[in-house]
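Here the structure is laid out as structure tokens; the discussion comes afterwards.
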Amino acid sequence: MEPLLEVKNITKRFGGLTAVDDVSLQIYPGEVIGILGDNGAGKSTLIKVISGVHHAEAGQIFFKGQRIKINSTMEALRIGIETIYQDLALAENMDVYSNIFLGREKLRKFLGLVDVLDHEYMQSESKKVLKRLEIEIPSLKNKIRNLSGGQRQAVAISRSIYWNAKLLIMDEPTAALGVPEQKKVLNLVKTLSSQGVSIIIISHQLHDVFAVATRLIIMRRAQKVAERITKKTSADEVVSLIVGSLPGDYN
Amino acid sequence: MAESNNDSLFNLNKIGESKTLGFLGKNWAFLFLVIMLILFSFLGKNFFSLNNFNNIILGISSLLLLASGEAFVIISGGIDLSIGFVMGFVCVTSSIIMRDLNAAGYSPFFSILTGSLAGLLLGLIPGIINGYLVAKLRVPPFIATLGMWGIANGLAWRLSEGFPIGFLPLQVRDIGNAYIAYFSPKKGFSFFIKPELTERKDILSLLKIIPIPILWITFVLVIFAFILSRTKFGQHTYAIGGKVDAAIRAGINVPLHLIKIYVISSFFAATAGVLLVFKLNMGVHTQYTSSYELFAIAAVVIGGASLTGGKGTIWGTVIGVLLIGTLDNGLMMMGLPIFYRYIATGCILIIAVLIDQFFPELVYKE
Amino acid sequence: MKKIVITILLICLVLSFVSMTCAAALKFAFMPGIADPFYFTMEKGAKAKAAELGVELIVGEYPKAWGPEYQVPILKALVARGDIDLLFTAPTSTEALIPVLKEIYDSGIPVITVDTYLGDGDYSKPSNYNFPLSYIGTDNFLGGQVVAGQLALLLGGKGKVFLENTNPDVSSVMDRELGFRAGLKIFPDMELVGVEYCLDVQETAVAQVSAALQKNPDLDGVFGVNVFSAQGAYQAVVSAGLEGGVKIATWDATETLIEALKRKELDLILAQMPGEMGSLCVEWGFKYLTEGAEIPRKVIPGFFVFTQENVNDPDSQKYIYK
Amino acid sequence: MINYHKAKKVGISILRKWIFIFLVGEILFFSIVGTNYFSLNNIQNILVASTIVLLLATGQTFVIITGGIDLSVGFMVGFSSVVCAKTMVSLEAAGFSQLLAITIGILTALLSGLIPGFINGFLVAKLRVPSFIATFGMYGIAYGFAEILCNNVPVHNLPTSLGSLGHGYLFYWLPGKIFNFLSKPENLIREELKNLVSIIPNVTVITFIFIGIFAFILAKTKFGQHTYAIGGNINAAERAGVNVKVHLIKVYMISSFFASLAGVMYVLQFITGRAPAGSARLIDAVVAVVIGGASLSGGKGTVMGTVIGAIIIGALETGLVNLSVPTYNLHIAVGCILIFAVLIDQFSPELIQNEGEI
């Protein structure tokens, strides 16, 4: 099968500091992979390169087999790469459906003259996508401020799914959540993957990643040091790779 | 740092390496002040003289105090808009007390002392209320102090009924307008007491060294500059301005600390009010149009503070105030109308922040 | 929603009847120009006269700054009470107040302007601003000339003088400045070295006069055109140690300035007669409404000059603003 | 249990509408205590007197929703009033007809008013100067330029027909006789003039047309939606593809447009241009926005709320005059209302929380 996304030999430097050093990876449709590593290992920078925030000095990116250049976040969104950051990028003062449609509001003509927001359409569409993902939120008119962490996460996810994300990158999706909430989010990840969406998860919480990811990529000091199939490894081995007490597969 | 600023106009890394530029970026306000002094000395008639510097310093004395108090608030990440009218309120109350006590036959010394102390104490009340609203009830500082702005304005107005308060003990003015030392070519040095001179020529050639109010101000400022830069209290102020959550987790009693900070700011405003009584020999309610609080904030920002908190010093604030005062006086000596100073202050303010925006590496590179 | 609307409508109906009460006594309204001792004194004079004649006097809020944008809303609110028989006011703009006062006049309220005027102040000739019954006020230009003359007299007809003004926006103080300039022209050896505007902030006045003294060490006299600029001027002179060396002339006899004159820190105070003006407004207005008397279109009550010599005279005391 | 919920619901709806109830209560109070407070004439006075605050506050609402503040508007009013008046005077002197001079004057003022807004926006959005500082700098600059432009004296000798425009009403009604639209009936005798009822001031009409348009923009359009988004979470807005920088520049231009409109209204009402015009109204405008339910940290606020906030202040001012209560009480009262407004906002979040469902 052809990988959905393939990055080859990505290198990104900030001044004298090399944040990502010659990293390659592939992800297949519907697959969930985890990127693991200590703070400063280069995980965040790597995904920022993929999502168009940073521009890599060297290396190539292929999407569905085609070489692409991602110069901005908007371009990444356009081809179907959505990123959910830790801060979720939700406007807390606004309600659920407004957030789902933020930046891509549906408009209708008012008196045939002016474009105004089409609230009804946006609400019904939001309802559909929430239903598809089996997410329960008391009311679409709730302000994000009044939702729980898990619900916010769900809104952020449904937002990207509504816009047909093919690849979803999640940065620490469970970090700020309580245990039941974490479960819900992980279930959501499984639902998504079963619907054919590829997902990259960055996390510190090993058991979360182990619960959903099929493949693990371990980074240390800007380099990819190992790649493991989840079922064929153990938490101990991964931790050792992260802290460097086990030598990596490369270099 | 470089990461988040890679779209800024300058390449920060390169500039950061230049020591000269680094020095410039860090001390630009001071350098600007020096350049201005030199410029005005050439352009303005009689600008460069001891008496004129006395004028400048006396002219900015209220602003100096207001801005220093404001500096504490701004460093903690807040803002205090009430200070201008708190100053007016204290000025009026304190002079009413002096006048009435004096009229009731108390000794001038007692009247002045009671008036000043009462003014200073009353000045703490708005601070406590501001602080309580901000810290305990979580009213945004802008609003809480804006409310106090209106209340203090109204009260001062009510107390003075729009009239200046006169008939203060005569000693008030003598204290407020005295100098530490006088030097007359005719009579030599004398301290604190002005030599009796009758000839106009002699009066003009009299050298006056360091006005007494400045002595007080310096005294107060040194203490508070010390508190800010050398004590735990100061350290915590920066911490709160940097990140409130972190400060709370580090065990700082943030609400209490914030109340103290607003009290300090109010106290400075009260000091400025009492000083105004001594300088003007009367109680005047600050006029509606003078925007003291805005100029104080401007001075603090020119002095290197940031409105988001966590940055700023008393020393920088003093430079900021001096910059505004010198500009004002210099333009006046050059014969430009008062309105040019508004433009000039506006421009310098924006430049100050721009420099701060684009030379972050320089300013922090110790 | 319907309920709310109905409730509001009902309330409106009731309220419109609430205020339909009438009073028998004459009601005069006084709208001052700005909150300062001059107008306070005027109010006192008017109040005294009103009490004497049995007229009820309603005083508008004192505007906190000079300008039509402060005065007009208050004026309109004052007149909207609807029970006023006569208005006397100090218009804060010679032009902006014309339509406003015209509208009030059209609604049946006679208008007297006091201290300041509309247009050029001449209501005897036909114009769109000749509707007020009268202008009662000081001739500021003449006053400025008198101050110039008196100052020249004090200085022996020779010297450099400085003018501390308040706000170039205010016609009365600008008239004083113009009068002062004209008055100085009579003395060829008198020189006006500068004019500054303190915008009614005393501290600014101190700074400006200090700078003027610095710039012109041989300055002989200062004229402060109102309370704040005068107080600022003498403060600056005192702080420069030049009391007595620099003559100071001021306008408006507040107790504070009189006290300074008694201490010989000032040399000259021109006192207008605000109390007299207020009293005249009420008196003429009363006569006009009750007897249909013809009012002179311009009444100029004159002024009084305080000097260090006459300040303690018992006869002068009535000119002090209280 | 049911009663509790019901009580809570009532409580919530009261809290949500407290400013409206406050306004009604205020008018009720003054109507009962004051003299002829509740009359067509006086209500119109309140609206006319609030013109400048209303306009400034509407523009300010946009800025405050994005989490900024625009201090420059105070002196922007003066600046544009001077520009407007100067243009009119010089055009009339150059021989243009009054109508042309007035039209061009107004357009010039409105256009030149966009420049400071653009600079403010540029400084805030592109150069990341905090809005407080950028606009305070502009505050001084606008004032200085205005004073220099008019040579420190109010602009005089404006076209005479301005007065009939600025002081005119939409309808004139002489009971039983005349009903005129826009123009005041001429050749009336004095008795008739006394009875003439003037309905809806022109100035108020213009003001509310613009307020209406921008209330619509804020509440119904994509532009408004993005304004809220920027105030709520600027990063989110940016990642969602909103061009935040351009948007912010537009917002500051809206604010300064309203300020220059206020300047034009000033010229219409007072037939002069003055540099300090409106400077004292700056704080009133901010206060009106905050009373109207906006938060200075951004993301909240409506034009409707702001309008009510502005009228609360105007009604209070007029009411105090009506009762002959001295000025200082106004400051004290407004200060207290302001703090009260924010406290309600602070302590009712759990009540207002689920407003979507109510």
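The values are calculated or read from the model by the stated rules, or taken from the named source; none is laboratory data. On a predicted model such as this, the values are computed, not experimentally measured, just so you know. We place every Cβ from the backbone using ideal geometry, glycine too, and count neighbours over all the protein chains shown. Side chains are part of the model used for accessible areas, which takes the heavy atoms of the whole protein and leaves out ligands, DNA and RNA. Shrake-Rupley method; radii C 1.70, N 1.55, O 1.52, S 1.80 Å.
What to note about this one:
- Just one of the listed residues (B:Gly316, B:Gly304) is in a helix (DSSP H, G or I), of a type in the set (Gly, Ala, Ser), over 20 Å from B:Phe142 (Cα atoms) and away from chain C (no Cβ under 14 Å), namely B:Gly316.
- Boolean, D:Ala310 is closer than 24 Å to D:His167 by Cα and open to solvent by less than 10 Å² (accessible area, probe 1.4 Å): yes
- Qualifying residue in segment B:78-85 (condition: part of a loop (DSSP other than H, G, I, E, B), buried (at least 24 other Cβ atoms within 10 Å of the Cβ) and hydroxyl-bearing (Ser, Thr, Tyr)): yes
- Test: residue in segment D:66-75 that is at pLDDT below 95, within 11 Å of another protein chain (Cβ to nearest Cβ) and in a helix (DSSP H, G or I): yes
- Index of the failed condition, D:Val242 passing every other in (1) within 14 Å of chain A (Cβ to nearest Cβ); (2) at positive phi; (3) at pLDDT below 90: (2)
- The residues of segment D:88-117 include none that are within 14 Å of chain B (Cβ to nearest Cβ) and surrounded by fewer than 24 Cβ atoms within 10 Å (Cβ to Cβ).
- The helices (runs of 4 or more DSSP H) falling completely within segment A:125-231 that include 2 or more residues that are within 14 Å of chain D (Cβ to nearest Cβ) and open to solvent by 10 Å² or more (accessible area, probe 1.4 Å) map to A:149-162.
- Members of segment D:288-316 that are among the β-branched types (Val, Ile, Thr) and not in a helix (DSSP H, G or I): D:Thr302
- Search result, residues across segment B:332-355 that are open to solvent by 20 Å² or more (accessible area, probe 1.4 Å) and either more than 11 Å from chain D (Cβ to nearest Cβ) or over 25 Å from D:Ile148 (Cβ atoms) (or both): B:Met332, B:Met334, B:Gly335, B:Ile355
- Looking across segment D:317-352 at every residue that is surrounded by fewer than 19 Cβ atoms within 10 Å (Cβ to Cβ) and not in a helix (DSSP H, G or I), the one that is modelled with the lowest pLDDT is identified as D:Ser348.
- Subset of segment B:208-233 [β-branched (Val, Ile, Thr) and without any contact (Cβ under 8 Å) to a residue 24 or more places away in the chain]: B:Thr218, B:Val222, B:Ile223, B:Ile227, B:Thr231
- Some residue of segment B:111-127 being more than 29 Å from B:Ile297 (Cβ to Cβ) and β-branched (Val, Ile, Thr): yes
- Conditions (1) more than 8 Å from chain B (Cβ to nearest Cβ); (2) closer than 23 Å to D:Thr87 by Cα; (3) in contact with a helix residue (DSSP H, G or I) (Cβ under 7 Å, 6 or more places away or on another chain); (4) open to solvent by less than 40 Å² (accessible area, probe 1.4 Å): number failed by D:Tyr139: (1)
- Enumerated helices (runs of 4 or more DSSP H) restricted to segment A:1-113, each holding at least 3 residues that are in contact (Cβ under 8 Å) with a residue 12 or more places away in the chain and surrounded by fewer than 15 Cβ atoms within 10 Å (Cβ to Cβ): none
- Of all residues assigned to segment B:156-165, at least one qualifies as being away from chain D (no Cβ under 14 Å) and either of a type outside the set (A, V, I, L, M, F, W, C) or surrounded by fewer than 23 Cβ atoms within 10 Å (Cβ to Cβ) (or both).
- Any hit, segment D:280-299, residues being open to solvent by less than 20 Å² (accessible area, probe 1.4 Å), on the phi > 0 side of the Ramachandran plot and either touching a residue at least 24 places away in the same chain (Cβ under 8 Å) or away from chain A (no Cβ under 14 Å) (or both): yes
- Within segment B:162-242, helices (runs of 4 or more DSSP H) holding 1 or more residues that are among the hydroxyl-bearing types (Ser, Thr, Tyr): B:200-205, B:212-230, B:232-242
- Segments classed as helices (runs of 4 or more DSSP H), wholly inside segment C:19-125, with at least 3 members that are open to solvent by less than 10 Å² (accessible area, probe 1.4 Å) and farther than 27 Å from D:Ile189 by Cβ: C:37-53, C:68-79
- The condition (being of a type in the set (Val, Ile, Thr), under 23 Å from the mean Cα position of the chain (by Cα) and surrounded by 19 or more Cβ atoms within 10 Å (Cβ to Cβ)) is satisfied by just one residue among B:Ile212, B:Ile223, B:Ile264, B:Ile180: B:Ile264.
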